Structure formats: structure tokens, C-alpha cells
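Written below as C-alpha cells is the structure these notes are about.
The values are calculated or read from the model by the stated rules, or taken from the named source; none is laboratory data. Here the structure is a predicted model, which means the values were calculated and not measured. Positions of Cβ are generated from backbone atoms using ideal geometry, with glycine treated the same way; all protein chains shown enter the neighbour counts.
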Amino acid sequence: MNRLHLVYGEAGAGTLRLALSTEGSDDCVVAFPAVLNYAPLFSSFDDAEIEEYVARCGEIFHSSDEYINKLYGDILSFVKHDFSAYDEVVVWRGTSAGDMLFYYMVCSLVDVALREVDLTPLRQMLPNKNVGALSMSICSKENINYLLSCVRPVDVEQKDKAAKQWTEWSNSVAALRVLNKTGEILEVEEEVYDEALLALCRGEWCAAPRVVGRLLCEVDFGVGDSFLHHRLISLARQGVVQVRPNAKFYNGAECTVERYAMPHIVDGVDLAEMRLFEIKS
């Protein structure tokens, strides 16, 4: 059978590819590359709307032109994929805000019969069953092997309902979308986590990854580390937090690690990678 798997995010897609190859399967896996929690979304799948959406993502994350161009190409490749070329199309459905929006988008985009893997059973396989939202990024190869036995059809009524949800959410102009405690998607202000970030580094120098990691645990990973990193850069540019190089990665003034992101210089400190700096509010 010629089967296609649609996955939210490259991390989970990589684990799925590994699990499938281990089992001798030649199923195709395609990952959606963007994070749908962030930036005003696109209400259609044409080139111009995708380009505008990618530009908005680039503004939020201060991205390089190279990254923006690649993201644009990757999203276009996903939405213009020939889904009719497969005997079966399977969408992997997580419970984070981004995962839910991805599922709605796929139900709107794919015009052939769909099957799905609901990640809800994953909770019972995790050491910490109180973990927040479930996504492919936390799946092990063993988790995926079990979930592959849970593939089920998406009936027409369910697919139509999800597609209508995408029509509604695709007009969202919010900078950030998160889940509330009852599992509903909410639009919130970009600054919603700023006070919590400031509280975690008040009066003392802290490594940026430690601050972000602690907040991620407090909010059950309801938002990504890249977004919180972006907020730290914004707070530093506003002068709300102080920044200094993390001495662990510097020999004098020279950084000893290979950098892979474009520089974001504030007060002479490169904030492009969280591990390279410390903060204090």
C-alpha cells in the first residue's frame, strides 16, 4: 500500500521515519515545517497568503532572509503536495494548540479520504502521566510502533467539522495561540509570559536556557522555547532585562562555539542562541 503520513513538525517526523524504516516500511512521511501557534495565519493556500504569513513569522522571530525563504518553500511544498497520489493519507493528531490547528488545516487542505492517529493513548505510556499537551516531538520509537496500530478513519462529518474550524482560525490575527485548562485554543497577547520570565531571573544572573526551561515546565510546554527566546530578545532590546555573555562559552571576548544563527546583538552581547547569554531583571 502506498501510504503518506502527515506530521506536525520535523522532530516527530524524524522519529516516525526511524520507526517505519525499522519495521521495513517504505511509507512516505511529510512534515509541516511551521509553528501554527504564532503569527496571524493564512486563510487560503495560495502563494501570496503563504508569503505574507512567512513574513509575519520572520518579524516575530527576527529571522534571516535565508530562513524565511526556506520556510516559504517548505510550506508551499506541503500545501501543494499531490495527496491523491497515495492509497492512504494518515494525519497524526496531537493535543497542543499547534497540533490542533495543524489537524484542522489538513482536514481543510486534503480532498481525499483521511485516516488519523490520535496521540491521546500516548499519555498512558509516559512516565509522567500528568504531562500537558501531547505531540509527536515527545514520542519514542516504541511509542510510535504502538500508535501505528491505532490508525482509524476520519469520517466525513468529523473532517467537515475540523475544516470549518480551520476556516474560523485561519482568520486569527493574534501573535500567539495557546490552550486553556479545558483544552480550548485561545488568542493571547504576545507579552503574556513576560512577567513570568522576569520573575524567574529577578535580582540574579541566570542562564537564559534555565529560565526558559523552568517556564516551559510551569506552563506544561504550552508554548515553544523558540517563542520564549524571542521574548527574551525583545525584553533585552527594550532594556527591561540586562544581558551578559555566558562565560562558559567564551574565551575572553571570543566565542568558542560554532554559531549557526544570525546574530542578535544587544549591548554588545549576541543573543542568537540561548546558551550564549545570561539575563537578569
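Observations on the model:
- Take the conditions (1) touching a residue at least 40 places away in the same chain (Cβ under 8 Å); (2) closer than 26 Å to GLY222 by Cβ; (3) in a helix (DSSP H, G or I); ASN143 misses just one of them, which is (1).
- Among residues of segment 39-58, those that are in a loop (DSSP other than H, G, I, E, B) and under 17 Å from the mean Cα position of the chain (by Cα), counted: 4
- Yes/no for LEU4 being in contact with a Cys (Cβ under 6 Å, 6 or more places away or on another chain) and not aromatic (Phe, Trp, Tyr): yes
- Every pair of residues 6+ apart whose Cβ atoms lie under 6 Å, when the first sits in segment 31-51 and is not assigned by TED's automatic domain parsing to the domain that holds TYR72 while the second is surrounded by 20 or more Cβ atoms within 10 Å (Cβ to Cβ) and outside any loop (DSSP other than H, G, I, E, B): none
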